[in-house]
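Worksheet: the structure to be examined is printed underneath.
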Amino acid sequence: MLTPYYAFAKKGFLSRSAYRFDHFIGIFNTIVRIFIFWEIYQALYGGRSEVDGITMSMVTTNFILSMCLEEAFFIDDFYLPYHIGTGSIATELLLPISFKGRMLANNMGIAAFKLIFHFAPALIVAVIFMGINPPRSIPMFLLFVVSALLGYGVLWTISFSVQMCSFWIINVWSVVTIKNVLVNVLSGSMIPLWFMPDWMEPVMNFTPFSSIYFTPVQIYLGQLEYGQIAQKLLISAVWILVIYLIGNILWEKGKKKLVVQGG
């Protein structure tokens, strides 16, 4: 049963390898962003080794890992909107495989490519020129990997649910943009959540966004005890389930009102 989905994942992986110039530009873009943020925080720290207990090396580790993971966590937010817009969704729904499974397989194939050929080179360059803190321990690094995988699951289910709006909205670009802003701000990829106001902490604890990037970084740095890690991983898994169920409800309702014209 997994064979067709593996084929779609492989196709997504190979499709990226065909665009070599885009591949090198992606690496260059990630490295430039990392260096820009590094210079900004160097200026903000003004030569100080730490601010409110947060060292410059911790901040550097946060944005390097977050940006590299952001590059690897490829999500095509317009996969469903494209198929609805072109009318090909009608044919896709007739195929003897799950369209949702195909969405996930395609994204995972491209994400695997970006993990190997974007994440790794950008991380190596950043480590050489700026350096990051090593993982607290091998078990913490393994838990970091598990948390990062769950973070990808959270990000994918959020995108999946947002894409369902295309059944009711002609152009979902504005909704996707709002989603991207919330992810960038509340996930810790743009601004480390250590620097957020205290009143925002309970707000962020009730959102899935911190599970995407910030929780893996916290685990990597050894800021969480094993009990806290288990709780965070459970929260990530619950968010994946809840958001997917919401998206699936919208999917079922959307299919019932789908009207395709032309051909």
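Within the stretch 85-104, being modelled with pLDDT of 90 or more and open to solvent by 50 Å² or more (accessible area, probe 1.4 Å) holds for one residue alone: Leu104.
Going residue by residue through the stretch 75-84, is there one that turns out to be among the acidic types (Asp, Glu) and exposed (fewer than 15 other Cβ atoms within 10 Å of the Cβ)? Scanning the stretch 75-84, I find no residue that is among the acidic types (Asp, Glu) and exposed (fewer than 15 other Cβ atoms within 10 Å of the Cβ), so the answer is no. The numbered conditions (1) of a type in the set (A, V, I, L, M, F, W, C); (2) under 27 Å from Gly254 (Cβ atoms); (3) in contact (Cβ under 8 Å) with a residue 60 or more places away in the chain; (4) buried (at least 21 other Cβ atoms within 10 Å of the Cβ) are all true for Phe209 except (3).
Within the stretch 105-143, count every residue that is of a type outside the set (Gly, Ala, Ser), under 20 Å from Phe37 (Cβ atoms) and open to solvent by less than 60 Å² (accessible area, probe 1.4 Å). Final tally of qualifying residues: 9. Within the stretch 138-148, can one find any residue that is of a type in the set (S, T, N, Q), out of contact with any Ser or Thr (no Cβ under 8 Å at 6 or more places or on another chain) and touching a residue at least 24 places away in the same chain (Cβ under 8 Å)? No.
The values are calculated or read from the model by the stated rules, or taken from the named source; none is laboratory data. Remember, predicted model here, so these are calculated numbers, not experimental data. Cβ: placed from backbone, ideal geometry, glycine included. Neighbour counts: every protein chain shown. Accessible surface is based on the protein model in full, side chains and every heavy atom, while ligands, DNA and RNA are left aside. Shrake-Rupley method; radii C 1.70, N 1.55, O 1.52, S 1.80 Å.
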